[in-house]
Amino acid sequence: MPIVADTIEHRWSEHHARHAHHPLFALATTVPAYGLRAIGLSERSRLALIVAVSAGLWSATVFALIRLVTPTLFEACVFTLLAHVSAGAMFWLPTIETVVLGSTSLLAPLVLLASDARRRFGDRWYVAASAVSLAMTTTAWMAGVVATASVRRPRAALQITVNALATVVMLWGVQKTLVPPSQFFIETAQHSRFLFSEAAGGPLPRVRSLLLHSMVMPEVQTVRDAKWGMVMSVQRAQAGSSGVVGGVATVLWVALLAAGLWSLWQMPTPPVLRGVLLVTLVGQCAVYLSYGEETFLYALYVTPLLVVCAAIATTTSQRRLVTAVAVVLIALLAVNNSRAFSAAADFFDRTTRADAAAL
């Protein structure tokens, strides 16, 4: 987070290679930060405002998508709240990181696709949605590409995809002028030590983290890292290990997610939306089941998709039961995840004080 904060606040700071995977992040954050500085806001206030606006955009996008797949406004509000008390949202929305805008851009093509069933949108809308999905995180572009391919003939879909890429490249040129250290996002593939890393513990911890820990935070462990010293980790934590509340919440979440996936497969959800949602979910899981050492770092790319799948269960005859389970789960997650977040904040406070004392 200090690295991301520095790149937001200072356009001449070293924009690390990791930011090459976030093509227009500097244009969306660094440029506005300079505008806020021009009107006299402090560095802390600028960062806080950018974090708040990013979280607000995520919230609005999540609500829009859930509202389009649920029968009433009440269910949409319930499942939107469920997304917000998830571990992924509670831990990442307040942070200075790339994942919040990346998650928002991932959902944009799905919102357009779900809206298209009610109002026909032209190619320009799909160019814009595809460009947005690429703008913040390169791996999120899969949502834009798949959404476009699902509603257009191959030739037209290819043209839309090329136009979206050209749009992002053009905007990157503007970003390069304003933030010169920005790195181009199309680069030669290189081997990464984070690809199929043994430090992640294998497939089971990755799957557990994506599907369960992203919603219900388990017991947070502290481990020693060779580079960073003592760090927090949930990579090897067992599901529901945070206590009784976490255990019950895990069981309810598994039941709710299973009901949603079954409904998605069986019920007359628009076939196009169903296919794109499933492909995007599977694609994101495939990416983060093979990349990284701490899978929870990527929770926000999967959590809203899982909640949307669960929300589709409200289209069945068991709507009231599903909604009631979701309400109970919200209360349990609010308790479990807020406790874990407080413990994480205390850890940061202690380690920061210790580092300051050492200096």
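The values are calculated or read from the model by the stated rules, or taken from the named source; none is laboratory data. Being a predicted model, the structure only gives us computed values, none of them experimental. Please note: Cβ atoms are built from the backbone with ideal geometry, for glycine as well, and neighbour counts cover all protein chains shown.
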Among 234, 216, 220, which is touching a His at 6+ places or on another chain (Cβ under 6 Å), surrounded by 11 or more Cβ atoms within 10 Å (Cβ to Cβ) and within 30 Å of residue 349 (Cβ to Cβ)? 234
If we only count helices (runs of 4 or more DSSP H) wholly inside the range 66-182, which ones have 1 or more residues that are over 30 Å from residue 220 (Cα atoms) and of a type in the set (Val, Ile, Thr)? 99-116, 123-136, 141-151, 154-178
Looking only at the range 112-126, which residues are touching a residue at least 40 places away in the same chain (Cβ under 8 Å) and crowded, with 22+ Cβ neighbours inside 10 Å? 113, 114
Flagged in the range 197-253 as over 18 Å from residue 293 (Cβ atoms) and of a type in the set (Asp, Glu), in numbering order, are 219
Among the residues of the range 210-261, what is the count of those that are free of Cβ contacts under 8 Å to residues at least 40 places away in the same chain, closer than 22 Å to residue 305 by Cα and among the aliphatic types (A, V, I, L, M)? 3
Six or more apart or on different chains, Cβ under 7 Å: which pairs go from a residue in the range 335-349 that's modelled with pLDDT of 90 or more to one that's of a type in the set (Ser, Thr, Tyr)? Could you list them? 336/242; 340/242
In the range 83-111, how many are without any contact (Cβ under 8 Å) to a residue 60 or more places away in the chain and of a type outside the set (A, V, I, L, M)? 4
State yes or no: is residue 327 over 25 Å from residue 106 (Cβ atoms) and at pLDDT 95 or above? yes
In the list 324, 340, 313, 344, which residue meets the criterion of being within 23 Å of the chain's Cα centre (by Cα) and within 23 Å of residue 77 (Cα to Cα)? 313
Residues satisfying the stated conditions in the range 47-70, i.e. over 18 Å from the mean Cα position of the chain (by Cα) and either at pLDDT below 95 or of a type in the set (Ser, Thr, Tyr) (or both): 68, 69, 70
Within the range 270-283, is even one residue assigned to a helix (DSSP H, G or I), polar (S, T, N, Q), within 20 Å of the chain's Cα centre (by Cα) and at negative phi? yes
